[in-house]
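Peer 1: Sharing a structure with you now.
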Amino acid sequence: MSRFWSPVVQTLTPYIPGEQPQMQRLVKLNTNESPYGPSPKALAAIASQNTADLRLYPDPEGIALKNEIAKLHGLDPKQIFLGNGSDEVLAHVFAGLLKHQDPILFPDITYSFYPVYCKLFGIEYKTIPLGSNFEIEVSTYTSPNGGIIFPNPNAPTGRAIARQEIETLVLKNRDSVIVIDEAYVDYGTESCIPLLRGSNCPENLLVVHTLSKSRALAGLRVGFAAGHPTLIEGLERVKNSFNSYPLGRLAQAGAIAAIQDQAHLEETSQKVIQTRERLNAQLAELGFETLPSAANFIFTRHPHHAGAKLCQLLRERGIIVRHFKSPRIEEFLRITIGTDEQTHELVAALKEILATA
Ligand SMILES: *Cc1c(COP(=O)(O)O)cnc(C)c1O
């Protein structure tokens, strides 16, 4: 505490990201990074920007990248908003589209950054409990609200819902914005972006994507939102009141090349999905109960072993997974899908732990 902190800073409880340990030789399965590198074309594009032109500011609007994203998704570039990672996009969404009289709604178990943004921007919120199998039930999002936000698939559960359900929610909530955070959409979930195409684009649906997960560029910091041009215009107003240049030259060039390399995305996502299904089967043999996942991580618990303890014992064996000390999910571990080799090490360690614990 310091008397120099403004009142809001005194009250903040910041988001705590999964750790990035400096130790070598760890099996790092705690922050949902891709185990495979980014597109080699993205790496080449980034290297090509390593010139004296770095003395120049980047394009503040990121037009070339917007064009590329719009082309890939069948949208107009005016429907795309760019940010320094989707966390920054989300920050502008909270400040610019979700701060109204009524509280916003999100699930009781979801991305833990959402309540942090609410606190920072002074936004009231109400959490809606997930169903008994940890599924989002859109029919329970009925109270008056200043907006609704959730990831699809949800994090940290990995459970996805159908596009049709979100379409219904959008139609029933004409007076507030529905934000779908599709950070993990490439691992087997129906995207809502097709709903945004053409003249039927709803005025109140915003879809947020990141290049950090399936495009393996967490270190580059690029995310975007897609939606109706008037929503995007609102976000641009916030962005241009905060930082005109959120994406540097390297980030813009790398992102363009990554978006163009759809083959790399599909190949690496398929590998992750296959490893995920194999891991699910192996964990089931060990007695784990795993939620059906449409993400590059799984959410799993063992009926006879506490989550915190398992997390600790794995850690002692050099394997880092994520555990949340929150109600309803304390028994679970969130495990990122790594390479087959990492998964093998994980399963071997768990076997050893269960045999001795
Ligand atoms: C990882 C993640 C993000 C943030 O991604 P960045 O683009 O790296 O900031 C946003 N939402 C969810 C649900 C995530 O899991």
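The values are calculated or read from the model by the stated rules, or taken from the named source; none is laboratory data. Source: prediction; values computed, not measured. Positions of Cβ are generated from backbone atoms using ideal geometry, with glycine treated the same way; all protein chains shown enter the neighbour counts.
Peer 1: From the list T339, T343, pick out the single residue that is surrounded by fewer than 16 Cβ atoms within 10 Å (Cβ to Cβ) and closer than 28 Å to L211 by Cβ.
Peer 2: Within the list T339, T343, the selection yields T339.
Peer 1: In region 325-357, how many are β-branched (V, I, T), assigned to a helix (DSSP H, G or I) and touching a residue at least 24 places away in the same chain (Cβ under 8 Å)?
Peer 2: Residues flagged as β-branched (V, I, T), assigned to a helix (DSSP H, G or I) and touching a residue at least 24 places away in the same chain (Cβ under 8 Å) within region 325-357 amount to 3.
Peer 1: Looking for something over 19 Å from the mean Cα position of the chain (by Cα), among the hydroxyl-bearing types (S, T, Y) and more than 27 Å from P17 (Cα to Cα) - is there at least one such residue anywhere in region 169-177?
Peer 2: Scanning region 169-177 turns up at least one residue that is over 19 Å from the mean Cα position of the chain (by Cα), among the hydroxyl-bearing types (S, T, Y) and more than 27 Å from P17 (Cα to Cα).
Peer 1: From the list G83, G18, G37, G62, which residue is surrounded by 13 or more Cβ atoms within 10 Å (Cβ to Cβ), touching a Leu at 6+ places or on another chain (Cβ under 9 Å) and under 27 Å from A155 (Cα atoms)? First the steps, then the outcome.
Peer 2: On the way: G18 fails: touching a Leu at 6+ places or on another chain (Cβ under 9 Å); G37 fails: surrounded by 13 or more Cβ atoms within 10 Å (Cβ to Cβ); G62 fails: under 27 Å from A155 (Cα atoms).
Of G83, G18, G37, G62, the one residue that is surrounded by 13 or more Cβ atoms within 10 Å (Cβ to Cβ), touching a Leu at 6+ places or on another chain (Cβ under 9 Å) and under 27 Å from A155 (Cα atoms) is G83.
Peer 1: Which of the residues belonging to region 197-213 are surrounded by fewer than 23 Cβ atoms within 10 Å (Cβ to Cβ) and on the phi < 0 side of the Ramachandran plot? Spell out how you get there, then give the answer.
Peer 2: Within region 197-213, the subset surrounded by fewer than 23 Cβ atoms within 10 Å (Cβ to Cβ) is 197-204, 212.
Result: R197, S199, N200, C201, P202, E203, N204, S212.
Peer 1: Looking only at region 278-316, count every residue that is in contact (Cβ under 8 Å) with a residue 60 or more places away in the chain, at negative phi, surrounded by fewer than 18 Cβ atoms within 10 Å (Cβ to Cβ) and not in a helix (DSSP H, G or I) and tell me the total.
Peer 2: 2
Peer 1: Let me ask something else. Would you please name the residue that is surrounded by the most Cβ atoms within 10 Å (Cβ to Cβ), looking only at residues in region 320-336 that are farther than 15 Å from I298 by Cα and not basic (K, R)? Walk me through how you get there before you give the answer.
Peer 2: We begin by selecting, within region 320-336, every residue farther than 15 Å from I298 by Cα; these are 325-328.
Remaining after also requiring not basic (K, R): 326-327.
Values: S326: 12, P327: 8.
This residue is S326.
Peer 1: Still on this structure: Does L29 qualify as being at negative phi, within 16 Å of the ligand (Cβ to nearest atom) and in contact (Cβ under 8 Å) with a residue 24 or more places away in the chain? Before you say what the answer is, go through the steps one by one.
Peer 2: Values: at negative phi: yes; within 16 Å of the ligand (Cβ to nearest atom): yes; in contact (Cβ under 8 Å) with a residue 24 or more places away in the chain: yes.
Taking the combined requirement at face value, the residue satisfies it.
Peer 1: Can you tell which of T356, T275 is among the hydroxyl-bearing types (S, T, Y) and either within 26 Å of G223 (Cα to Cα) or surrounded by 18 or more Cβ atoms within 10 Å (Cβ to Cβ) (or both)?
Peer 2: T275
Peer 1: Going by what's in this entry, would L26 be described as more than 20 Å from the chain's Cα centre (by Cα) and in the same structural domain as I335 (by TED's automatic domain parsing)?
Peer 2: So L26 passes the test.
Peer 1: With the condition kept exactly as written, say whether any residue in region 115-129 is assigned to a loop (DSSP other than H, G, I, E, B), within 16 Å of the ligand (Cβ to nearest atom), modelled with pLDDT of 95 or more and not aliphatic (A, V, I, L, M). Even if it seems obvious, please write down each step before you answer.
Peer 2: Quick first cut of region 115-129, residues assigned to a loop (DSSP other than H, G, I, E, B) only: 122-124, 129.
Cutting the leftovers down to within 16 Å of the ligand (Cβ to nearest atom) gives us none.
Checking region 115-129: not a single residue is assigned to a loop (DSSP other than H, G, I, E, B), within 16 Å of the ligand (Cβ to nearest atom), modelled with pLDDT of 95 or more and not aliphatic (A, V, I, L, M).
Peer 1: Cβ contacts < 6 Å: first residue over 26 Å from T300 (Cα atoms), restricted to region 124-150; second residue modelled with pLDDT of 95 or more and of a type in the set (S, T, Y), any location; separation 6+ or different chain. Result?
Peer 2: N145/S176; G146/S176; G147/S176; I148/Y141
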